[in-house]
Structures are given as structure tokens and as C-alpha cells.
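The values are calculated or read from the model by the stated rules, or taken from the named source; none is laboratory data. Please read all numbers here as calculations on a predicted model, not as lab measurements. Positions of Cβ are backbone-derived with ideal geometry, glycine not excepted, and every protein chain shown enters the neighbour counts.
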Amino acid sequence: MVEKKPAEPVLSKRRKKFVSDPLNDDNPITVQVLGICSALAVTTQMKPTLTMAISVIMVVVFANLIISLIRSLIPSRVRIIVQLALVATLVTLVSEVLKAYQYDMYKELSVFVGLIITNCIVMGRLEAFAMANKPWDSILDGLGNGLGYSWIILAVAFFREVLGSGKVFGWPVFEAIGIQNFPTNGLMVTPVGAFFILGIIIWVQRTKTGYVEH
Amino acid sequence: MQQSNTYIIVFSAVLTIVLGGLLSLANQGLKPMQQKSVELDTKKKILSAVTDLQEKKGDEIIDLYGQTIESVVVNIDGEILEKDKDGNPLIAENIDIAKNYKMAPEERLYPVFKYHQAGNKEAVEAYIFPIYGKGLWGPIWGFIALETDLNTVKGVSFDHKSETPGLGARITTAEVSNRYVGKKVYNDGKLASVVMLKGENNAASNLDEHHIDGLSGATLTAKGVNEMLENYFIYYKEYMNKAKTNATEKVALLN
């Protein structure tokens, strides 16, 4: 930096885009098609999905922040291992906290919390963004991508739980509005159901944004 | 930017130490809470075989457990064991059923949880036995509670590692566990067990006191549950025989 520029506002237009882009136009799941594995696996019900979403947001935000802070110190030849070690540590921390305070969730999500390590979104953001950008920008980018991931898996979980079990967050909706014996669809409970819903979401979204694969 | 090897090694070493330190710190700091969570989970499972816990929360469950459950550890011959091979006291709640399942039945430790009226150890209302077996995709386990006649089922609670959601995984629901309530284990003194039939909505004529309605689409899980129950009724047979005679003595004394 040669000349001093006036300080950029904390939430400038450029920075707002870091958060808003991954929500729709550059969504990690529907556009970049990353993190599909967990989107299929944990979305049978809303509650574990919400826990998973919060866990991923925490991991991706903090990993982005820390990598961005030490980005000039990281030897480029071992940067992937450094990123991996950091992500693994954060994920283990999340898993330990869940085990202590949300044991039922911890059991239900079992291996999938650990598998956040292999979620391409996390490593992808570190390599593509945090290695080259300032801490605050990286936090926003992590938040955006975390939220982009979250709203998609929550949407998938909503439809799977409603159609598969007739419930939302474990609360029987159809009985509440007076429909007894709602015919639940067993397919929605299996991972196949997630594929259908994800496919429909991607279809609707691409029709609206006009995104085409090149 | 190309760093020297020394820099890379030092950087990696520092990173490892910092991250490792952080992890062990978290592990140590959270351990008491985690142990409490595991303890609560076990006690919740045991109690849910005999009573409905939906309204109750953490500490209430642990209190209730302390007031109403007395536990012993027995061997295959039904003899009460107080110390393990190394002379350490045995605590029924800490026995890992999954680990014991890998040993020969004669060598296993069998915990028994006696459910009694709050504060009165003499007034046993049910015997709760842990059970463990194989489902379709992975282990299944749970607790079965028998009335003091050691014949009538008071309640069951099942759990599983990886049964199919919506099919085999339904064994954990109240809908399925309620089907066991009131069924009989013995028929004229001979073990008949409680068997889950194949398919759902079986004709009522097929459902007697030893048979319950099955799970449609989960025949193999049901088979695992049946085997698990029968095995453990056999393992606990000696203990049950002994407990039965004791129980009658106690009733005689009360009269």
C-alpha cells in the first residue's frame, strides 16, 4: 500500500456483497454444488439440521478469520495442511461442546459433525478467499457462505420433515390444522428425498437467476 | 513466496502445539459436563423403560433415579458380584453393555436395575434389564422392564445405531414400545419370549400374549429385536429364578 485511502465503511457495498452473494447468486450448495453430502444426510428433521447449520457457520467464520489473520505467516507449501489442521481443531471443539451441552443432538448427528472437516465449503473458502483477504472481509465471506449453506439445508429439511413425518421441528402441523392421518411419504425420510428437493430448489433458482453451467 | 525448510518446520511445530493445547484444554474443561450428559442419558434410558419422562428435565431425572433405582451386577449364574477381577467395586451404571457383548455369555457382567417406590428399597415394582443385539445395519440396544412376577412386561425402551429412518428406526418410538406392555415372557414356566411378527396390522387372532404386531418394511430389524430379547431372557434366567423366590419370601413377610 503506497498511498493511504480513506477508511472503507464497516459494511460498504462491496462488503455487503460478500454476505449477500453466497445466499443466492453464488450459493455454495445450489450453484457451486459443494457440501451436498451433509445436505442429504442431516436433513431428515429440522432440529438436527439447525444444529448442523449453526455448527458449520461457526466453523467457517472462525476458520476464515484465523486463516486470514495468519495468512502472511503460512508457508505456501504446507498451506493445505495448515488449513486442514485448523478446520479439524475447530470441528473437534464444536463436537466437544455439543457433547457437553447438547448430548441428544451430539448422538443424532454423530459422524456428521466430524465430517464438517471434509465439507468442501469450509476448505474452499479458506483457499479461495481467506488466504488472500483481510480478516473482516473474511468473516463476512464466511458468514455469507455459512448462511447460504444453512438456508438451503433448512429448506430441504423443512420439506422432508413436513412431507416425510408431517412435522416441523417435531411439532405435528397437520394434526394442529385438523387434518388427521396425513399420508406421509417414506421416500422423503430417506436421502433420496433430499435429492428430489435439492433438485427442485436448484431448478427454481436457476430459472429465476438465469444461471447456466458453462 | 518460498520459505526455508526451517521456517516451515518451526511453523508446523508451533501450530501443532497451539492447536493440540487448545484441544486438550477444551477436552479437560468440558469433561465434567460431558460425563454428566452421558450419565443423564443412561439414567433417562433406564427410567424410560418403566415411566414416562416427557415432562422431566436433567436434574429432576437424576433425582428421580436416585430415589427409585437400586442396581446390582450379576453373573450368568445369577450371583451378585460386588467387585471385578481387579478388586474394584462394580457399578451397574458404568458397565459397558456393548463391550460385554463381545465376550462369551458366561464371562459377561449383567447389570440389573430394580425400580422401587421412592425411598423404599423393599417395595420393588419392576426389574429393568439392559439388552443388546444386532439390528439390520448396526447394533441395537435398550432396556426391558418386567413386573415383580418377572413374567409380565412393564415397558421397553429401544435404541439403535443406524437402522433405516422411518422403517427399522421406529423401534425407538412410543408407538412400538407400547406394543410390548403387558405381554408375557413365560408360558407355563417355559420361555416363550415376546416375538414381533412379520409385517404390520396382523390379524388380532395372531396377537396373543407372546406376539406383538411387527414393523412393515423392517422385518430384519424386528428379527434382531426378537433375537436380542430371547438371548437376554436366557442370560438373566438364573437371576430371575433367584429373584422370584426372594420376592415371594418378601411378600410372605409383608402378609
Kindly establish whether A:LYS107 is buried (at least 17 other Cβ atoms within 10 Å of the Cβ), within 14 Å of chain B (Cβ to nearest Cβ) and among the basic types (Lys, Arg).
no
Residues that are facing chain A (nearest Cβ under 9 Å), out of contact with any Leu (no Cβ under 7 Å at 6 or more places or on another chain) and of a type in the set (S, T, N, Q): does region B:71-78 have at least one?
no
With respect to A:LEU98, is the statement that it is closer than 19 Å to A:ALA157 by Cβ, within 14 Å of chain B (Cβ to nearest Cβ), buried (at least 20 other Cβ atoms within 10 Å of the Cβ) and modelled with pLDDT of 85 or more true?
yes
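A quick yes/no check of all residues on (1) more than 25 Å from B:GLU163 (Cβ to Cβ); (2) among the hydroxyl-bearing types (Ser, Thr, Tyr); (3) touching a residue at least 24 places away in the same chain (Cβ under 8 Å):
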| site | (1), (2), (3) |
| --- | --- |
| A:LEU163 | no, no, yes |
| A:GLY166 | no, no, no |
| A:GLU175 | yes, no, no |
| A:PRO183 | no, no, no |
| A:GLY193 | no, no, yes |
| A:LEU198 | no, no, yes |
| A:GLU213 | yes, no, no |
Residues of region A:181-196 classified as modelled with pLDDT under 85, surrounded by 15 or more Cβ atoms within 10 Å (Cβ to Cβ) and more than 10 Å from chain B (Cβ to nearest Cβ), total
1
Could you check region B:1-59 and list, in sequence order, the residues that are within 11 Å of chain A (Cβ to nearest Cβ) and not in a helix (DSSP H, G or I)?
B:MET1, B:GLN2, B:GLN3, B:SER4
Region B:96-127, residues that are surrounded by fewer than 16 Cβ atoms within 10 Å (Cβ to Cβ), in contact with a strand residue (DSSP E or B) (Cβ under 9 Å, 6 or more places away or on another chain) and under 18 Å from B:GLU79 (Cα atoms)
none
Can you report the number of residues in region B:1-41 which are loosely packed, with under 11 Cβ neighbours inside 10 Å, among the β-branched types (Val, Ile, Thr) and within 15 Å of A:THR89 (Cα to Cα)?
1
Which residue, of A:ASP21, A:ASP26, is over 22 Å from A:LEU86 (Cα atoms) and not in a helix (DSSP H, G or I)?
A:ASP26
Inside region A:155-180, can you point out the residues that are touching a Ser or Thr at 6+ places or on another chain (Cβ under 6 Å) and either more than 14 Å from chain B (Cβ to nearest Cβ) or among the acidic types (Asp, Glu) (or both)?
A:VAL156
When region A:58-88 is checked residue by residue, the ones that are within 9 Å of chain B (Cβ to nearest Cβ), farther than 22 Å from A:TRP136 by Cβ and part of a helix (DSSP H, G or I) are A:SER76, A:ARG77, A:VAL78, A:ILE81, A:ALA85, A:ALA88
Pick from region B:184-198, criterion surrounded by 13 or more Cβ atoms within 10 Å (Cβ to Cβ) and among the small types (Gly, Ala, Ser), ranking: nearest to the chain's Cα centre (by Cα)
B:SER193
Closer than 30 Å to B:THR42 by Cα, out of contact with any His (no Cβ under 9 Å at 6 or more places or on another chain) and at pLDDT 90 or above - does that describe any residue in region A:30-39?
no
Single unsatisfied condition, B:GLU175 versus (1) charged (D, E, K, R); (2) farther than 22 Å from B:ASN75 by Cβ; (3) in a strand (DSSP E or B):
(3)
Cβ-Cβ under 8 Å, sequence separation 6+ or interchain: first residue in region B:208-224 and free of Cβ contacts under 8 Å to residues at least 60 places away in the same chain, partner of a type in the set (Phe, Trp, Tyr) and buried (at least 18 other Cβ atoms within 10 Å of the Cβ). Which pairs?
B:ILE212/B:TYR180
